[in-house]
Amino acid sequence: MSKINTLDALDKAAKKGRDLLFPSTKIRISIGMTTNSIAAGARSVYDAFLEEKKNKNMKFDMVKTGGMGFDSVEPIVDVVIPNKPRLAFAKVTVEKVPVLLEQVARLNLDRELPFYRVDEQEDIFTGETIQYVKGRLPRVFSKISLREEIPFYKNQLKVVTRNCGVIDPENMEEYIARGGYYGLHKALTEMKPDEIVQEIIDSGLRGRGGGGFPTGIKWRSCREAEGDIKYVICNGDEGDPGAYMDRSLMEGDPHSIIEGMIIGAYAIGASQGYIYVRNEYPLAVENLNRAVMQARKAGLLGKNIFGQKFSFDIKIAKGAGAFVCGESTALIASLEGRAGEPRAKYTHTVEHGLWDMPTNLNNVETWNNVPIIIARGSKWFSQIGTKTSSGTKVFSLVGKTNNIGLAEVPMGMTIRDIVYGIGGGIYNDREFKAVQTGGPSGGCIPKSLLDLPVGFDELADAGSMMGSGGMIVMDDTTCMVDIAKYFLDFLAKESCGKCTPCREGIRRMRSILEDICSGGGQEGDIELLKEMSDAIIDGSLCALGGSAPSPVLSTLRYFQEEYETHIKGKKCPAGVCKKLIKFRILDEQCNGCGKCRKVCPTRAATGSRREPHKIDQNLCIQCRACYEVCTFNAIIIE
Amino acid sequence: MVKLVIDGKTVQAEEGKILLTVARENGIEIPTLCSHETLENTGACRLCVVEITKGKRKKIVTSCLYAAEDGIVVDTKSDRVLKVRRFVMQFLMARCPTSDVIRDMAANMGIAPETRFKPSEDGKTCIFCRLCVKACEDVVGVSALGFAFRGVDKALGTPYREPSPACIGCGSCAYICPTRQITMSSTENTRSICGKTFKMKACSVCGRYFAPEEQLAFISKKTGVDLEALSVCSSCR
Ligand SMILES: Cc1cc2nc3c(=O)[nH]c(=O)nc-3n(C[C@H](O)[C@H](O)[C@H](O)COP(=O)(O)O)c2cc1C
Ligand code: FES
């Protein structure tokens, strides 16, 4: 990589990248190769393509990209054929590879119909339209759905995930071809630091790490703080169970984070940056490290970037995966080599942060928004989303929806549109019960609030929070007391243990919930839980304890009667809490097939062939095996 | 100087002085478990919280860390404050039911144990106030003690639960521990603490065993004072 210190050099790199992204003669086949696609088998599919290429002596480019978002249909293979629509195949297996290649080579697409096609697409960075199809659309393509017609993609707006699944994250020129580092060039050569800060303020960008603090205001405080050295930090700790948007960005588009940080550092006056990534994200660490080296080689990190009097570099730091290390002061302690414990925030990190110097910490997704805000302007950005929550948000949509994956939507979209539109509704047509948002210390939003627009303030008002953007969808087979117990168990283990209310209080709440779930709930427990919550929220040192009671409070707010049924009726309406449920076989439905008898591990299910079976309650351990295996709906939960 | 109101009383305070000190200097008692005059406060026990009103906003702050500000109104006994304190004491009573220190302190505050909390049975009385850790690190300067793990598993001890090579047997941790979790035992010429037994040095004048040899060696190395000169006990010096 030659030095990129002028606009001209940037253009040259972009040209090279474009030739790779839109080859004029060769076919380009890319496979999403993120941690989750690898788990779905992407690596062996990739190898199968290489094998087939070698065996049949074929000519095409193979590329590993970041994630395409739609995780329940991974591995996804994306094919760019010169001058033809861009195609994607879903759920590709090793066996299908030869067929796919043959189809693509002959443009005969009957045997394995592609999942979707893309004829044209807006380049979000420039606002221009990319035309894949040159000339008339060949007939073979017309029966393939357009990507815009697929519910999962239809209402998404890919701003921060614009490059994920498109570019090869190992190739900086492809990033540049998509508008990368142009924002930086503009910032450094056309704007004063104050103007950049103002631009971020005007954009209305709010921190994507959970708190939703206005990013530009934070930058301004840090810029104004006194200190010889200033630092910028990227928070890539991402500890929420079920959340993986930051990982996806770090794996799939590392340069965008780096570019955002360089712009931020220039605006703030920082000379050193750190990206704090959890060690459980090896691919993210690898891709970030490589990107930092590439940027350094190109002169985009280091001394006199774009010939300006501005020098900045970035180090990658690995965290050991404690949830609390995502908290700003704990993260800084961990970076300094101390135990990851938070401190009181009466001195602000923007003034006294890392090594006691002014420090600006932002989340991965926050940094990722920066280049495009600079490139397209705050006005463009603030038109996306709502008045108080501008831009987009990436959500990890998991749980009981038909479609699972990362979805980026404009802020303000309703939960209904996310769950039923993008998510395709509830798996097995069951009843929607609640969606848990905001990570472990978030809350559960009930059915009556399905039309709630997602935004920082809207979610907070509903007793939950935006958090980092996790969305766990639950159906009627979920017990809300059990869910609250699950999150409290997580928090009890992940509390740093420094202060009394958090260390002792959360586990005391957990043990009351355990009692409730196992039939030992007592009159007065609900009131006690509420009182304890007040004390823990008020008394805790940091926001972990300060928000830890939320799973209990939000489920109490919307599902109190479910708690009462557990406590007073000693029953679990959702049929989850083992000690409160009984499995019974309905004589009139049972035809004596014996499946339950064979699967029962404790010989509780008995009966003769073709005769209704019975379950001995003294032997039953509520493992559900019989319930799952019965095909005649003869087993009920009471 | 700044002017503020604490429990209805208008007081003057040096700017930057922490609320806990200001309150105490004015005869207002705030209970604490993790604050010690020789150590930097860490805000761990949360007993010292108070409620302040600043402009229109009310919030709970940690009085051992929060600096006095002009114009704030401090309530050291508001309902919110008392609720936090009650639960902190009830949590600690359940955590270390055998500690008479905690039990007496709670009784003095008029707080009874919460029957819904099952008392721990491990017999430990550590309340994680971290005074021992801070004293060992900041005053003695050896960092022989620390915490391992986090959350419910958090535990105080020496690294890997083995006798610490860094420990010099000075006994500061045992001395500062408010709940007697850390204890020290002695024979005429030995001292045992934190899983390690130390040989004591006899005073070269009176012959009384007065300090662990390792401690004297540490002091000599740190201060540059000759070990010989340190082998006289304080009464004979
Ligand atoms: C217990 C706890 C865990 C947190 N974990 C994360 C995390 O994993 N990633 C993150 O970006 N922010 C996390 N935060 C929020 C950070 O403290 C901080 O507010 C954020 O990184 C600031 O960046 P932003 O303004 O761009 O959101 C956490 C906060 C708490 C209290
Ligand atoms: S004395 Fe302030 S938190 Fe313990």
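All conditions in (1) touching a strand residue (DSSP E or B) at 6+ places or on another chain (Cβ under 9 Å); (2) open to solvent by less than 10 Å² (accessible area, probe 1.4 Å) hold for residue A:255, with the sole exception of (1).
Which of the residues spanning region A:505-561 are small (Gly, Ala, Ser), away from ligand 1 (no atom under 16 Å from the Cβ) and either away from chain B (no Cβ under 12 Å) or assigned to a helix (DSSP H, G or I) (or both)?
Let us first name the residues in region A:505-561 that are small (Gly, Ala, Ser), namely A:505, A:511, A:518-521, A:524, A:533, A:535, A:539-540, A:543, A:545-548, A:550, A:554.
Pick out the ones that are also away from ligand 1 (no atom under 16 Å from the Cβ) and you get A:511, A:518-521, A:524, A:533, A:535, A:554.
Hits for region A:505-561 are A:511, A:518, A:519, A:533, A:535, A:554.
Within the option set A:491, A:459, being within 21 Å of the chain's Cα centre (by Cα) and within 14 Å of another protein chain (Cβ to nearest Cβ) holds for one residue only, A:491. For region A:232-247, the criterion of being touching a strand residue (DSSP E or B) at 6+ places or on another chain (Cβ under 8 Å), under 16 Å from residue A:193 (Cβ atoms) and within 15 Å of ligand 1 (Cβ to nearest atom) is met by at least one residue.
So, residue A:71, is that one touching a residue at least 60 places away in the same chain (Cβ under 8 Å) and touching a helix residue (DSSP H, G or I) at 6+ places or on another chain (Cβ under 6 Å) or not?
Numbers: touching a residue at least 60 places away in the same chain (Cβ under 8 Å): yes; touching a helix residue (DSSP H, G or I) at 6+ places or on another chain (Cβ under 6 Å): yes.
For residue A:71, the condition - touching a residue at least 60 places away in the same chain (Cβ under 8 Å) and touching a helix residue (DSSP H, G or I) at 6+ places or on another chain (Cβ under 6 Å) - is met.
I'm checking my understanding of the structure. Among residues of region A:25-61 that are of a type in the set (Asp, Glu) and open to solvent by less than 50 Å² (accessible area, probe 1.4 Å), which one is nearest to residue A:100 (Cα to Cα)? Taking the candidates together, the pick is A:52.
For (1) among the hydrophobic types (A, V, I, L, M, F, W, C); (2) closer than 15 Å to residue A:161 by Cα, each residue gets a yes or a no:
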| residue | (1), (2) |
| --- | --- |
| A:350 | yes, no |
| A:362 | no, no |
| A:391 | no, yes |
| A:403 | no, no |
| A:408 | no, yes |
| A:432 | yes, no |
| A:436 | no, no |
| A:443 | no, no |
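Can we say residue A:332 is away from chain B (no Cβ under 14 Å) and assigned to a helix (DSSP H, G or I)? In short, yes.
Taking (1) without any contact (Cβ under 8 Å) to a residue 12 or more places away in the chain; (2) within 13 Å of chain A (Cβ to nearest Cβ) in turn, residue B:92 satisfies each apart from (1).
Of the listed requirements (1) touching an Asp or Glu at 6+ places or on another chain (Cβ under 8 Å); (2) within 16 Å of ligand 1 (Cβ to nearest atom); (3) not aromatic (Phe, Trp, Tyr), residue B:43 misses just one: (1). Here's a check for you: in region A:346-388, which residue that is without any contact (Cβ under 8 Å) to a residue 60 or more places away in the chain and within 16 Å of ligand 1 (Cβ to nearest atom) is least open to solvent (accessible area, probe 1.4 Å)? Step by step, filter region A:346-388, then rank; the result is A:349.
Consider region B:33-55 and keep the residues that are open to solvent by less than 30 Å² (accessible area, probe 1.4 Å) and more than 10 Å from chain A (Cβ to nearest Cβ). The one that is farthest from ligand 2 (Cβ to nearest atom) is B:52.
Within region A:564-579, the set of residues being under 20 Å from residue A:624 (Cα atoms), in contact with a helix residue (DSSP H, G or I) (Cβ under 8 Å, 6 or more places away or on another chain) and open to solvent by 50 Å² or more (accessible area, probe 1.4 Å) comprises A:570, A:571, A:573, A:579. Which residues, taken from region A:87-100, are among the aliphatic types (A, V, I, L, M), open to solvent by 10 Å² or more (accessible area, probe 1.4 Å) and in contact (Cβ under 8 Å) with a residue 24 or more places away in the chain? Matches in region A:87-100: A:90, A:94. Considering (1) open to solvent by 80 Å² or more (accessible area, probe 1.4 Å); (2) away from every other protein chain (no Cβ under 14 Å); (3) under 17 Å from the mean Cα position of the chain (by Cα), the lone condition that residue B:137 does not fulfil carries the number (2). Restricting attention to region A:548-559 and to residues that are under 25 Å from residue A:340 (Cα atoms) and in contact with a strand residue (DSSP E or B) (Cβ under 9 Å, 6 or more places away or on another chain), the residue that is nearest to ligand 2 (Cβ to nearest atom) turns out to be A:550.
Restricting attention to region A:208-224, and to residues there that are open to solvent by less than 10 Å² (accessible area, probe 1.4 Å) and of a type in the set (Gly, Ala, Ser), which single residue is nearest to ligand 2 (Cβ to nearest atom)? Steps first, please.
In the first step, residues of region A:208-224 are kept if they are open to solvent by less than 10 Å² (accessible area, probe 1.4 Å); the result is A:208, A:212, A:215-216, A:219, A:222.
Keeping just the survivors that are of a type in the set (Gly, Ala, Ser) gives A:212, A:216.
On the way: A:212: 28, A:216: 34 Å.
Taking the candidates together, the pick is A:212.
For region A:522-541, the set of residues classified as crowded, with 24+ Cβ neighbours inside 10 Å and in contact (Cβ under 8 Å) with a residue 40 or more places away in the chain consists of A:539, A:540, A:541, listed by residue number. There is no residue in region B:98-113 that is at pLDDT 95 or above, facing chain A (nearest Cβ under 10 Å) and more than 16 Å from ligand 1 (Cβ to nearest atom).
When B:115, B:125 are checked against the criterion of being outside any helix (DSSP H, G or I), open to solvent by less than 20 Å² (accessible area, probe 1.4 Å), more than 25 Å from residue A:542 (Cβ to Cβ) and away from ligand 2 (no atom under 15 Å from the Cβ), B:125 stands alone in meeting it. On inspection, residue A:83 fails the criterion of being open to solvent by less than 30 Å² (accessible area, probe 1.4 Å), among the polar types (S, T, N, Q) and in a loop (DSSP other than H, G, I, E, B).
Somewhere in region A:240-260, is a residue farther than 29 Å from residue A:168 by Cβ, more than 16 Å from ligand 2 (Cβ to nearest atom) and more than 14 Å from chain B (Cβ to nearest Cβ)? Steps first, please.
Step one: filter region A:240-260 for residues farther than 29 Å from residue A:168 by Cβ, giving A:241.
Right, trim to more than 16 Å from ligand 2 (Cβ to nearest atom) and you get A:241.
With more than 14 Å from chain B (Cβ to nearest Cβ) added as a condition, the list becomes A:241.
Yes: region A:240-260 contains one or more residues that are farther than 29 Å from residue A:168 by Cβ, more than 16 Å from ligand 2 (Cβ to nearest atom) and more than 14 Å from chain B (Cβ to nearest Cβ).
The values are calculated or read from the model by the stated rules, or taken from the named source; none is laboratory data. These numbers come from a predicted model, not from an experiment. Quick reminder, even Gly has a Cβ in these numbers, built from the backbone with ideal geometry, and neighbours come from all protein chains shown. Each accessible area value is taken on the protein alone, full model and side chains, heavy atoms only, with ligands, DNA and RNA left out. Shrake-Rupley method; radii C 1.70, N 1.55, O 1.52, S 1.80 Å.
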